[in-house]
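Accompanying notes for the structure given below.
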Amino acid sequence: MKKTVLGFLILAAYMTSSCASSNGKGAIESELPNALVEKIASENELKVQDVHVFPQGTLKLQSGYISAIVFEDSIKNCTIYVSAENSLNALFNGAPCEFKGAPELKISRNTEKPDILYSIKLFSPSQGAMADEIVAFYFDTAKKSYCESQSLSSWYQTGNKDMKPDLSDGRCTAEGS
């Protein structure tokens, strides 16, 4: 009996870890390729060793990557890059800021691809302190890329699932690109 229970627990643990690393919709936890790290360092005029990929913060997508990056600096900051079809865009920058964990994949909106959420602690000037925030990304089928949306972030934070989020604020490329 004990062996059966132990076997079941091992199987359940394996299944849970498999589901956490792949959602079945094309996003898998991954390492960010060195070529992209080098490109990020070059764009920010930094040494490669000053670009730190947040542990478990990168997902490989069918068309590229989405990755949480921390730059070595006296002020903690965080940036989220999306690469797709030969483009690399920093769609979120925050300082002072800290990532709180690995990205979450959400299928709450029943879309073709899951929304990707990063939980962060971000300095809020209005509160004068660090506040918990969510940075949310949705897949734009026309642009074939993940885009950042503050409306979607608010939708996930408030929990009002009866109203659809307005994705018209979505940014799919870095400002100034």
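When Ile75, Ile80, Ile66 are checked against the criterion of being aliphatic (A, V, I, L, M) and more than 19 Å from Ala174 (Cα to Cα), a single residue qualifies: Ile75.
Out of Ala142, Ala174, one residue alone is of a type in the set (A, V, I, L, M, F, W, C) and under 24 Å from Phe54 (Cβ atoms). It is Ala174. Residues that are over 17 Å from Pro103 (Cβ atoms) and either among the aromatic types (Phe, Trp, Tyr) or in contact with a Gly (Cβ under 7 Å, 6 or more places away or on another chain) (or both) within the stretch 156-177 are absent altogether.
Remark: Val53 falls outside the filter, which requires a residue to be aliphatic (A, V, I, L, M) and either at positive phi or touching an Asp or Glu at 6+ places or on another chain (Cβ under 7 Å) (or both). Pairs meeting the criteria (first residue in the stretch 17-46 and within 15 Å of Pro103 (Cβ to Cβ), second residue at pLDDT below 90 and surrounded by fewer than 13 Cβ atoms within 10 Å (Cβ to Cβ), beta carbons under 7 Å, at least 6 apart or on different chains) are Gly26/Gln62.
Tyr118 satisfies every condition listed in (1) within 26 Å of Glu31 (Cα to Cα); (2) surrounded by fewer than 16 Cβ atoms within 10 Å (Cβ to Cβ); (3) of a type outside the set (A, V, I, L, M) except (2). Taken together, Leu117, Leu152 contain a single residue that is under 10 Å from the mean Cα position of the chain (by Cα), more than 22 Å from Asn44 (Cα to Cα) and among the aliphatic types (A, V, I, L, M), which is Leu117. If you filter the stretch 155-177 down to residues that are modelled with pLDDT of 90 or more and small (Gly, Ala, Ser), you find that the one that is nearest to the chain's Cα centre (by Cα) is Gly170. Picking from residues in the stretch 121-152 that are free of Cβ contacts under 8 Å to residues at least 24 places away in the same chain and out of contact with any Leu (no Cβ under 7 Å at 6 or more places or on another chain), the one that is surrounded by the most Cβ atoms within 10 Å (Cβ to Cβ) is Gln150. Taken together, Tyr146, Tyr118 contain a single residue that is touching a Phe, Trp or Tyr at 6+ places or on another chain (Cβ under 6 Å) and within 24 Å of Gly64 (Cβ to Cβ), which is Tyr146.
The values are calculated or read from the model by the stated rules, or taken from the named source; none is laboratory data. Computed from a predicted model, the values in this text were never measured in an experiment. No Cβ is skipped: glycine too gets one built from the backbone with ideal geometry, and neighbour counts run over all protein chains shown.
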